[in-house]
1. 7 Å from Cα along Cα→Cβ at both residue 479 and residue 80: what's the point-to-point distance in nm?
2. Starting with the highest mean, order 40-50, 356-366 by the number of other Cβ atoms within 10 Å, averaged over the residues of each peptide.
3. Using a ≥ b ≥ c from the Cα gyration tensor of the chain (square roots of the eigenvalues), is it rounded, prolate or oblate, where a/c under 1.5 gives rounded and otherwise the larger of a/b and b/c decides, a/b for prolate?
4. For the chain, what relative contact order do you get, as a whole percent, if you take Cα pairs closer than 8 Å and at least 6 residues apart?
5. Using 0.36 nm times the number of residues separating residue 265 and residue 460, minus their current alpha carbon distance, what extension gain do you get?
6. Once the Cβ-Cβ distance between residue 50 and residue 90 is put in as r, and R0 is 22 Å, what FRET efficiency do you end up with, to the nearest 0.05?
7. Give the shape of the stretch 186-292 as rounded, prolate or oblate, defined through the alpha-carbon gyration tensor: a ≥ b ≥ c are the square roots of its eigenvalues, a/c under 1.5 means rounded, and otherwise the shape is prolate if a/b is larger than b/c and oblate if not.
8. Once every DSSP H run of n ≥ 4 in the chain is given -39500 (n - 2.57) and the sum is divided by its residues, what mean residue ellipticity at 222 nm do you get, rounded to the nearest 500 deg cm²/dmol?
């Protein structure tokens, strides 16, 4: 007959302590410890603050008697300055309350943080509650420290995102003030980089970017694309023999792709972002996995003073708008909203941190003010051009090209789409005087040259893709409608547009894309027959 070994109280306590240490090392050691303590004592175990609110417990269910025992015990502990207290005298239910010290608490001080409450028939039948107290305090402190660290990280990320948003909106003074508090300072001029690295590798990418730039870059998690990191870096010349930032990033981070814009003034941060984004589309098709923007003089600069006059006239109802109620969005809010929507489409809700219904309401207000239909890429392109012209600094005074009392006719959306689709001209091009101001703008020689530069790669290097580009523009850049018009699958259409991205060196499938500039270029070339697109 065998003999059953009897474990001594000391060995039982040692085993309990080992079990508690093992549980405390888990990610959230508080709840596993409390659940084990409840099973070990046959009682309800919970961590409560000094007001009696339960912060964690072995079981989410606790009756009114438990709440009453805890409240009475806490009151007695406060009044008498005790660190432990045994509440209740019933043999069926009593409560043991033990103050839980957190790292940094003064030894012997009255409880100011958490209290371990064990409620049941015999809460002190074992030494487990007393042994669990220090481990619970340490686990709780570690949990709260991690939570605080995450909150700080989120606040820092949102602050940096806010600075970037201010830069893109042209609010340089406020951006510099916020950047001075967060560090590093903003460098002017700067170069924009977009790093595509994968959603789960953004933390690593941010660390590598900070190391490679020596703390001289403003690094932001993209609020629109969860796999992008945005870097606004100093334009300090690269030392001889050193790699540029984009090359160094692709070498250090496996699989990442980098698009880089030109060195621009901080007031042109929005332009720099779009340049880097277009370069990113090109970089995806290159073995080195990085590319710089192929710079060409932008259309807002090309149109000059006539373009300024046209843009001022088009935007006048928006810039002069005063809401009827203080709570309604004002002119600046509407302008920022439509500018974000033109760049990011539906993702503007993420960029601006607003609800989609709020976005739709603001866009309807803009449409009503300007008399545009923003479902049409033609009207989108006109408004986008006007906003970009309006963002340029006023270097010289200009005379309006037409009287404000004689507004120009709104462009015909159907004719604009036909122009983008490459319809043949049916007669001589009317003189600028006979055209509305927008049509006259597109007939300017400088604009014609700009349009030729934009579309020359398609016409010379990939003429078979012209049909795809025309259909894409004609159907307001909607992928499914374009596929039906071409008689191919959506996947096939996407592949053609991907090829066009490499040929044009611009993003087409992901916003911000080049749809507005391409529509304007196609419309501008729908003039002389020898330049017909």
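FYI, it's all coordinate maths here, none of it is from the lab. From a predicted model like this one, the values you see are computed outputs, not experimental measurements. For neighbour counting, all protein chains shown are included, and Cβ atoms are generated from backbone atoms with ideal geometry for every residue, glycine included.
1. 7.1 nm
2. Numbers: 40-50: 21.2, 356-366: 15.4.
In descending order of packing, they fall as 40-50, 356-366.
3. Prolate shape, in that a/c is at least 1.5 and a/b is the bigger ratio.
4. Numbers: 816 pairs, mean separation 52.0, N = 533.
Rounded, it is 10 percent for the chain.
5. Full extension from residue 265 to residue 460 adds 66.8 nm.
6. On the way: r = 25 Å, r/R0 = 1.11.
Once rounded, the FRET efficiency stands at 0.35.
7. rounded
8. Details: 21 runs with 274 residues, N = 533.
Value at 222 nm, helices only, nearest 500: -16500 deg cm²/dmol.
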